[in-house]
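Single-structure report; data block below.
The values are calculated or read from the model by the stated rules, or taken from the named source; none is laboratory data. None of these values were measured; they are calculated from a predicted model. As a convention, Cβ positions derive from the backbone with ideal geometry for all residues, glycine included, and neighbour counts pool all protein chains shown.
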Amino acid sequence: MDTTLQDPLVGQRLDGRYRVDARIAVGGMATVYRAVDTRLDRVLALKVMHPTLAADGTFVERFIREAKSVARLAHPNVVQVFDQGTDGDYVYLAMEYVSGCTLRDVLRERGALQPRAALDILEPVLAALGAAHRAGFVHRDMKPENVLIGDDGRVKVADFGLVRAVNTVTSTTGAVLGTVSYLAPEQIEHGTADPRVDVYACGVVLFEMLTGARPHRGDSPAQVLYQHLNEDVPPPSAAVPDLAYELDALVASATARNAGIRPHDAVALLGETRRARAALTDAQLDAVPPQALSGAHDTAEDRTSVLPRSLPLVRPLPVDGDEEPAAGDGYDRTSRLETPPPARRRPGPRRGPLAVVVAVLLALGVGAGVWYINSGQFTEVPPLLEKTEAQARDRLERAGLDVGEIRHAHSDTVERGAVISTDPDTGTRIRNHDAVSLTLSDGPATVKLDDLSGYRLDRARSVLDADGLEPGMVTEAFSEDVPEGFVVSTEPKAGTTVRAGSAVALTVSKGRAVDVPDVTGDDLADARAELTGAGLKVKVAAGRVTSDDYDAGQVARQSPGDGTRVAEGDTVTLTVSKGPERIEVPDVTGESVDDARRELEAAGFETEEDRGLLGLFGDTVKSQSVEGGEIAPKGSTITLTIR
């Protein structure tokens, strides 16, 4: 039996506007339905939070944050959010409806994908996440279930329900939100979430597309989490022989357990992905993996892990009397109320005349009340949301109602001057000529961005929070004027009027730039003096190295190297030479010239010949410039005297 028939929302209308037609999917926090916006006559997806979670302010706030975050991401590969609201126990998002399937459906049906198909899906996903990252947000729950593939081939990222600002902590209660198969090690261990957690998840998704299986699997979520922390994601070629090395390298880069060596955001990973694709031949891109067309799939880890959920499903009653239960649906059309056999009445007191009078008066009172309510003395508040003030006044006048107090409030979704809400609400029955108060939209709340240059980073973030703005991505840059750790500039620029809740990117000073001089070949004391004079610190590496190019006591290596730009006060590490390697010289006297030369060169020496006048026609080594058994620098020249 189709379980959607049992869902209490199917066939209902939320907020008097969104007619719920069918259930699409059930997740850890919400259920997604296909619905129709009866006001604009368009099909959309309605994401409704589970009623058991709607009482939790944290989850409601996350829902609203999703709406606000995605509303600011005008990107063709992001599922758009149109509206957000509450109807009784139901908190919902009205979103773009994508007719098609999820990447999970594709993997379940086709198993592993050809590299070309995998990259065709990955690139638009990274483009969408890149837009979010550059706007200062992290998705935090990337997985195949959240990648939608339309019937027209468009790829879109959905479900920004766990979205957070960059550089914030995932949880303050010790709970980790997300899907265990795609969690980055730092999410598990420290609860931190920056763009690199999305990069890690995309690497896992790419591995899954190329091999048809997740890299880490276990009998319990705890086993999977342990593997994320302690085991590298294996190369896809271990499961798919002959897979191109570039794809192994791409997965390894994205899923590095050390976040510091991953691409810093989805834009950087997108660049690596395109370079990897360019290096592949058509044969490599179109190679069919042996795991293709596998049908088995374990959905145990597909849902976002949140709290235990209880969603009782009952069959809805017919709506507005416009439909009847279908045949065979368990309803008995022939049943009717029948008079039961009279029960044997026990003796008791008889009703007196007073009781009869009270019953008659009560019946008359109830009847009068019903007549009064339905006699035209009351009317319903008409639908006024998103109407202009003039349209709202006209509708109220035609309904026989007066306009009450006019209030104003900001709204991210309702145009300036249109109605956000009414008091009483739409559909409420009130007396004729009662007043209905209107709240009109002033458009999105805006904030004039303060000049934060010269502020310490933590202070700048506090100012943004106080102004109702989100601290966005932080990048570092050299500055001749601004000390290290202080804000150089913002994007948008200071003085710009921006929408409240917008992300503001911050550029922070790394200090004054210094070009590192080349001190290789210098004596250690001279190198130290030159670097210190340039405003840099010096660290000498423990132990010396052999070098054929530098004498003992000279600098053989430096890090960072010549010409690198670093901040004033940064440290340069010097490695000192202990000279070339010294080895024993073979004794080749008495040997033929050819044999002697081969033996010395095999030992690591250069050779030259001294034939003189008497050795012009000789072929035997009379003597050698360094006697056999002595120690000489490897690579030095041994002169052979020929007789």
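Restricted to segment 101-114, and to residues there that are in contact with an Asp or Glu (Cβ under 8 Å, 6 or more places away or on another chain) and more than 24 Å from Phe63 (Cβ to Cβ), the residue that is surrounded by the fewest Cβ atoms within 10 Å (Cβ to Cβ) is Gln114.
Looking only at segment 132-153, filter to residues that are modelled with pLDDT of 90 or more and surrounded by fewer than 22 Cβ atoms within 10 Å (Cβ to Cβ); which one of those is farthest from Asp465 (Cα to Cα)? It comes out as Ile149.
Being outside the structural domain of Gln554 (by TED's automatic domain parsing), among the aromatic types (Phe, Trp, Tyr) and part of a strand (DSSP E or B), is that true of even one residue in segment 474-489? Yes: one or more hits. Checked against the criterion of being exposed (fewer than 12 other Cβ atoms within 10 Å of the Cβ) and assigned to a loop (DSSP other than H, G, I, E, B), the candidates Gly635, Gly629, Gly579 yield just one match: Gly629. Taken over segment 187-205, residues that are in contact with a helix residue (DSSP H, G or I) (Cβ under 6 Å, 6 or more places away or on another chain) and surrounded by fewer than 21 Cβ atoms within 10 Å (Cβ to Cβ) amount to 2. Among the residues of segment 206-213, are any free of Cβ contacts under 8 Å to residues at least 12 places away in the same chain and either surrounded by fewer than 16 Cβ atoms within 10 Å (Cβ to Cβ) or over 28 Å from Gly136 (Cβ atoms) (or both)? The answer is no; no qualifying residue exists.
Return yes or no: is Val60 touching a residue at least 40 places away in the same chain (Cβ under 8 Å) and not assigned by TED's automatic domain parsing to the domain that holds Ser502?
Taking the combined requirement at face value, the residue does not satisfy it.
Among the residues of segment 89-116, write down those that are assigned to a loop (DSSP other than H, G, I, E, B) and either within 17 Å of Pro144 (Cα to Cα) or at pLDDT 85 or above (or both). Answer for segment 89-116, where residues must be assigned to a loop (DSSP other than H, G, I, E, B) and either within 17 Å of Pro144 (Cα to Cα) or at pLDDT 85 or above (or both): Tyr97, Val98, Ser99, Ala112, Leu113, Gln114.
Of all the residues in segment 499-536, those that are surrounded by fewer than 19 Cβ atoms within 10 Å (Cβ to Cβ) and among the hydrophobic types (A, V, I, L, M, F, W, C) number 7. The C-beta contact set for segment 585-597 (first residue in contact (Cβ under 8 Å) with a residue 12 or more places away in the chain and under 14 Å from Ser625 (Cβ atoms), second residue of a type in the set (Ser, Thr, Tyr) and surrounded by 14 or more Cβ atoms within 10 Å (Cβ to Cβ), distance under 7 angstrom, 6+ apart or interchain) comprises Thr589/Ser623; Arg597/Thr607. Counting only helices (runs of 4 or more DSSP H) that fall entirely inside segment 178-239 and contain at least 2 residues that are within 22 Å of Glu272 (Cβ to Cβ) and under 12 Å from the mean Cα position of the chain (by Cα), the qualifying elements are 195-211.
Have a look at Val540, Val508, Val482, Val447 and point out the one that is among the aliphatic types (A, V, I, L, M) and under 21 Å from Val572 (Cα atoms). Spell out the reasoning first.
Working: Val508 fails: under 21 Å from Val572 (Cα atoms); Val482 fails: under 21 Å from Val572 (Cα atoms); Val447 fails: under 21 Å from Val572 (Cα atoms).
Only one candidate passes the filter, namely Val540.
Of the residues making up segment 48-88, those that are of a type in the set (Val, Ile, Thr), outside any helix (DSSP H, G or I) and under 17 Å from Gly136 (Cα atoms) number 1.
Of the strands (runs of 3 or more DSSP E) lying entirely inside segment 427-472, those carrying at least 1 residues that are among the small types (Gly, Ala, Ser) and assigned by TED's automatic domain parsing to the domain that holds Arg393 are 435-441. Number of residues in segment 415-426 that are of a type in the set (Gly, Ala, Ser) and either exposed (fewer than 15 other Cβ atoms within 10 Å of the Cβ) or in a loop (DSSP other than H, G, I, E, B) (or both) equals 1.
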